[in-house]
Each structure stands twice: as C-alpha cells, then as structure tokens.
Amino acid sequence: MEEKWVGAIVLLVLVSGWYCSSCCGCLEEERVALLNLKHSIPPPTDYVLASWVGHGDCCKWVGIECNITTKRVFQLSLNLTRGWDVKGWYLNSSLFSPLEELKSLFLWGNSIFGFMKNEGHSFLSTQATFLVIHFVGCTIVKFLV
C-alpha cells in the first residue's frame, strides 16, 4: 500500500514540475532584462523585437535561444535589428548582465558605434566564462578567467 502512495506522489511531483516548467517559460529577471534591452535600442527596429512583449515566455521570442533545463538565455541574435543605413548608437552592455548563461551574442548590422562610457564590456568580465560575440562582420571569441 505504501509503495502505491510513494509512486503516486513521485508521479504527481514529476507532472507538476513538467507543467510548471513548460508553462512558466523564461526567468523573470531575464525577461525584464530583455525588455530593458529592447527599449534601449533606438528606432527603427524590425520584426525581431516585435515579438518581445509583455509577460510571455521570452524563450519563444524571435532571436532568443534558451537552455531547456535552466530556462536561461544562452544565445541572443540581434543581427540587422536596426540596419546598416541608420544613425549609429552606443550599446549599454550592462543590460546583458542578468543573462548569466549567455554564450553567443549576434550584433552585426546594427550601426553600433561602441559601448556607452563607463559601461564598456563589464558584462563580459563578470558573467560569462566563454562568450562568442558576432559584431560588425567579425567574430570575437572571449575566454574569461
């Protein structure tokens, strides 16, 4: 009799864990960070950022890949979000700091002139141990200790 209860409880816990992880999506702090990043990018922007709205699962947004287990963002593709022919701008890299598992960042074709003063590459040195940045037609591979 006890084995049936233990089996039923284990099954209930597994089903509850699966349901919660499949319905809740990405982590709240990462969703908020992505929305802050979206709002920091000056117009005009394209369809990539159009899916980044509200309280939805950011793992389902265009340009975002998440770890299936942790639900953390590991790849962010923002190529041609603004286009080559628009006025250049400076990126605030500290907006990426909540993305603790970010390993690949695609930024080319956005007329990014550089990073905001005093923001620099701070997220690179504090968050990731290995990050590939695809930026203005070249790839930067950054190993961090």
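The values are calculated or read from the model by the stated rules, or taken from the named source; none is laboratory data. Source: prediction; values computed, not measured. Cβ coordinates were reconstructed from backbone atoms using ideal geometry, including for glycine residues, and neighbour counts include every protein chain displayed.
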State whether one or more residues within segment 114-124 are part of a loop (DSSP other than H, G, I, E, B), modelled with pLDDT of 65 or more, at positive phi and surrounded by fewer than 18 Cβ atoms within 10 Å (Cβ to Cβ). no
Selection from segment 75-93 of residues of a type in the set (Gly, Ala, Ser) and at pLDDT 85 or above yields SER77
